[in-house]
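Here's the structure we're looking at; comments come further down.
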Amino acid sequence: MPLLMDPDGINFHVYDPQVKILMSGDVGAVLEAPGAPLIVEDFAEHIPKMKLFHQRSMPSNRAKNDWIARVSKLDIEQMCPSTVASILATI
């Protein structure tokens with residue numbers, strides 16, 4: 001899947017339709033303290049943690065909207081950013 005933003009050329013996203021997991025690279029990522037939970041329990045609480053990182057590293061609305069349009073067509077049960085806890089679709 002093409003990337004939302006790829007300044008280093010190493011970020012990629014992979015979707016597995018059998019298990020309905022999106023490996024989302026940096027999308028959804030935050031820097032958490034050691035020992036933080038592995039599953040995001042409260043997505044509304046998670047959003048402010050993501051905001052600064054995403055605004056700084058992914059500033060293009062056009063790219064963001066394109067990524068959202070493509071990803072919203074997938075049947076995702078879990079999104080797994082590379083540097084943070086997993087985000088479950090039930091949240």
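The values are calculated or read from the model by the stated rules, or taken from the named source; none is laboratory data. Remember, predicted model here, so these are calculated numbers, not experimental data. Cβ atoms come from the backbone with ideal geometry, glycine included; neighbour counts cover every protein chain shown.
A few comments on the model shown:
- For segment 10-28, filtering for residues that are surrounded by 17 or more Cβ atoms within 10 Å (Cβ to Cβ), at pLDDT 85 or above and not aliphatic (A, V, I, L, M) leaves 3.
- A single member of LEU31, LEU38, LEU74, LEU52 is in contact with a helix residue (DSSP H, G or I) (Cβ under 8 Å, 6 or more places away or on another chain), free of Cβ contacts under 8 Å to residues at least 60 places away in the same chain and surrounded by fewer than 17 Cβ atoms within 10 Å (Cβ to Cβ), and it is LEU31.
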